[in-house]
1. Limited to the range 38-95, what total is found for residues that are among the hydroxyl-bearing types (Ser, Thr, Tyr) and closer than 19 Å to residue 4 by Cα?
2. On the basis of being touching a residue at least 40 places away in the same chain (Cβ under 8 Å), within 18 Å of residue 155 (Cα to Cα) and of a type in the set (Ser, Thr, Tyr), does residue 3 make the cut?
3. Does the range 135-151 hold any residues that are open to solvent by 20 Å² or more (accessible area, probe 1.4 Å) and either over 22 Å from residue 78 (Cα atoms) or touching a Ser or Thr at 6+ places or on another chain (Cβ under 9 Å) (or both), and which are they?
4. Tally the residues that are touching a residue at least 40 places away in the same chain (Cβ under 8 Å) and out of contact with any strand residue (DSSP E or B) (no Cβ under 7 Å at 6 or more places or on another chain), restricting the search to the range 51-67.
5. Return the residue satisfying two criteria in turn: it lies in the range 92-118 and is in a loop (DSSP other than H, G, I, E, B) and over 19 Å from residue 22 (Cβ atoms), and of such residues it is modelled with the lowest pLDDT.
6. Select from the range 64-91 the residues that are of a type outside the set (A, V, I, L, M) and either open to solvent by less than 40 Å² (accessible area, probe 1.4 Å) or in a loop (DSSP other than H, G, I, E, B) (or both) and list them in ascending order.
Amino acid sequence: MTSWSDVEREAPTLAAAVRARFDAYRHKTLATIRRDGSPRISGTEATFLDGELWLGMMPGSMKARDLLRDPRLAIHCATIDASMVEGDAKIAGLAILVRDPALLRRLMHTAPDAEVSEEQLEEAATASHLFRVQVSEVVLTRLGQPADHLVIEQWHPGRGVQRTERR
């Protein structure tokens, strides 16, 4: 199982750049697979904590149902940088369901602008779905210097970082 800390250890520069893109804005886009095999795109939030990438979801949400049935996923950062200087980041992998109310409470306390009562925390901790992402791919795409080509950096377990330039 590949954790986010494995990515940080094996590809520290790429991991830092990807995490910066993910941390820049609260909302991300999550791709899951529907029951019929077609893709589903949903908004989500992601949290890096203790060397792992976490996703929390409301009980019964379609994206949670998708992941419980088929754990494959891709997460995309918010693309706000029109110039693509900082880049566009993606992480793919598998969602591993974790049943740990104490960890969910801790994650909810670290969320930006968290104004959650103890009662809401307890209810969420027992009803929500918490997934740890087993990372299989990390990609950062940005404009090169000069801005006449794309630079694509990819990491996969056991293969290290690969860099491709497209003109």
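1. Of the residues in the range 38-95, 2 are among the hydroxyl-bearing types (Ser, Thr, Tyr) and closer than 19 Å to residue 4 by Cα.
2. For residue 3, the condition - touching a residue at least 40 places away in the same chain (Cβ under 8 Å), within 18 Å of residue 155 (Cα to Cα) and of a type in the set (Ser, Thr, Tyr) - is met.
3. Scanning the range 135-151 gives 136, 143, 145, 146, 147, 148, 150.
4. Total satisfying the criteria: 3.
5. 116
6. Across the range 64-91, the qualifying residues are 66, 70, 71, 77, 79, 81, 83, 86, 87, 88.
The values are calculated or read from the model by the stated rules, or taken from the named source; none is laboratory data. Treat the numbers as computed from the prediction; the structure is a model and nothing was measured. A quick note on method: Cβ atoms are made from the backbone with ideal geometry, for glycine too, and the neighbour counts reach across all protein chains shown. Heavy atoms of the whole protein, side chains included, go into the accessibility calculation; ligands, DNA and RNA do not. Shrake-Rupley method; radii C 1.70, N 1.55, O 1.52, S 1.80 Å.
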